[in-house]
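Q: The following block contains the structure, expressed as structure tokens.
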Amino acid sequence: MYSGVWLPIVTPFRRGRVDIDALQYLADMYLRTEISGFVALGTTGEAALLSQTERASVLDALFGVVGKKLPVLVGAGAPDTREVLREIDTYDRWDCAGYLVSAPSYVCPDQTGVRWHFDQIARATSRPIVLYNVPHRTGVTIAPDTVAALLEHDNVVAIKECVASHFSELSSLSVSLLCGNDEAFVDCLSMGGAGGVLASAHVFADVLTEVLALMNADRETDARALFAHVSPITRLLFSAPNPAAIKAMIALDHPICAETRMPIAPASAELVARLRDAREKVQALRADCQGANI
């Protein structure tokens, strides 16, 4: 199950409130793509800036559309392990495919503390756990040796890895390796990765799933050539605090507001203009791919 391209769906806002209609519109739209699943309440979903009531409304809205059509992972994370356990207990009422859990942020534990954190979480739920290694946000890494030790828990099934230097070592473990660094997607796949949780899938899920299909067909040269076309656009999507640029890009074509929640500022007018140019390049790439029957 934990393979393919997963979409860490944005949380649309309108005038400061979660826009349920827009969220359900997006969920329905992405159900029509080749993604393998959704991640709710992730970094791209601005979960850290949502109240518990808002988080519940996001899950109600998303599951109301997705149902059992695709699996949904739910993000959970906090500096205090006990708070993560409370979150998971709250989220257990939704029939999710598991929890995407980061290392404790801000407190910067050593690897003994990181392992303890995930030990408590794995023991507290029977649902699958996907580790999330994103040290540039949390301040601490989940070392590959720690991942190996955590595999004693049957429900630790995958890792979303943002550190490219870890890909090779993790690929030797009995855990599904999902790329969390959009720019390193092909590199991850070439080292044994099973897919990725990729915010850029909001913009070109079709291209990313085709890249994966080419890699699975042992056509790495073709996969890298295709991915090279979208790499500059990927960098543009992360040139502002995530998900400002992604929301602005979606809003160019769909009835959602590009609004973010402060302190994440919305995309600047200059960035929106660059995104508009990038949109035309994506559309041209799609036309070329269809013409070449890729």
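Q: Please list, ordered by first then second residue, the pairs with beta carbon atoms under 8 Å, 6 or more apart or interchain, first in the range 69-94 and free of Cβ contacts under 8 Å to residues at least 60 places away in the same chain and surrounded by fewer than 18 Cβ atoms within 10 Å (Cβ to Cβ), second part of a strand (DSSP E or B) and aliphatic (A, V, I, L, M).
A: Trp94/Val72; Trp94/Val74
Q: Scan the range 150-187 for residues that are in contact with a Ser or Thr (Cβ under 8 Å, 6 or more places away or on another chain), in a strand (DSSP E or B), more than 20 Å from Arg224 (Cβ to Cβ) and aliphatic (A, V, I, L, M) and jot them down.
A: Val157, Ala158, Ile159
Q: Separate question: For residues in the range 79-134 being more than 20 Å from the chain's Cα centre (by Cα) and among the aromatic types (Phe, Trp, Tyr), which is farthest from Lys68 (Cα to Cα)?
A: Filtering the range 79-134 for residues that are more than 20 Å from the chain's Cα centre (by Cα) and among the aromatic types (Phe, Trp, Tyr), the one farthest from Lys68 (Cα to Cα) comes out as Tyr106.
Per-residue answers, yes or no, for (1) buried (at least 16 other Cβ atoms within 10 Å of the Cβ); (2) among the hydrophobic types (A, V, I, L, M, F, W, C):
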site	(1), (2)
Leu189	yes, yes
Gly193	yes, no
Leu198	yes, yes
Val203	yes, yes
Thr209	yes, no
Glu220	no, no
Arg224	yes, no
Val230	yes, yes
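Q: A further question follows. Give the range 233-260 a look and list any residue that's part of a helix (DSSP H, G or I), without any contact (Cβ under 8 Å) to a residue 40 or more places away in the chain and surrounded by fewer than 21 Cβ atoms within 10 Å (Cβ to Cβ), or say none. Can you show your working first?
A: Looking only at the range 233-260, we keep the residues that are part of a helix (DSSP H, G or I), and these are 233-237, 244-251.
Among the residues that remain, those that are also without any contact (Cβ under 8 Å) to a residue 40 or more places away in the chain are: 244-245, 248, 251.
Residue satisfying the conditions is Ala251 alone.
Q: Being of a type in the set (Lys, Arg) and not in a helix (DSSP H, G or I) is the filter; apply it to the range 40-78 and report the residue that is nearest to Asn155 (Cα to Cα). Steps first, please.
A: Start the filter on the range 40-78 by keeping residues that are of a type in the set (Lys, Arg), which leaves 55, 68-69.
Remaining after also requiring not in a helix (DSSP H, G or I): 68-69.
Details: Lys68: 20, Lys69: 22 Å.
Here the answer is Lys68.
Q: Taking the condition of being touching a strand residue (DSSP E or B) at 6+ places or on another chain (Cβ under 9 Å), of a type outside the set (A, V, I, L, M) and assigned to a loop (DSSP other than H, G, I, E, B), how many residues in the range 120-149 meet it?
A: Number satisfying all stated conditions: 4.
Q: What number of residues within the range 79-104 are outside any helix (DSSP H, G or I) and touching a strand residue (DSSP E or B) at 6+ places or on another chain (Cβ under 6 Å)?
A: Start the filter on the range 79-104 by keeping residues that are outside any helix (DSSP H, G or I), which leaves 79-80, 92-104.
This time we only want the ones that are touching a strand residue (DSSP E or B) at 6+ places or on another chain (Cβ under 6 Å), so: 96-102.
So the count comes out to 7.
Q: While we're here: Among the candidates Val197, Val282, Val230, which residue alone is in contact with a Phe, Trp or Tyr (Cβ under 8 Å, 6 or more places away or on another chain), under 23 Å from Ser176 (Cα atoms) and either of a type in the set (A, V, I, L, M, F, W, C) or in contact (Cβ under 8 Å) with a residue 40 or more places away in the chain (or both)?
A: Checking each option against the conditions leaves just Val197.
Q: Check off (1) touching a Pro at 6+ places or on another chain (Cβ under 7 Å); (2) surrounded by fewer than 15 Cβ atoms within 10 Å (Cβ to Cβ) for Asp145 and give me the number that stays unchecked.
A: Status for Asp145: all satisfied but (1).
Read-outs: derived from the displayed coordinates by stated rules, not from any lab. Treat the numbers as computed from the prediction; the structure is a model and nothing was measured. Cβ: placed from backbone, ideal geometry, glycine included. Neighbour counts: every protein chain shown.
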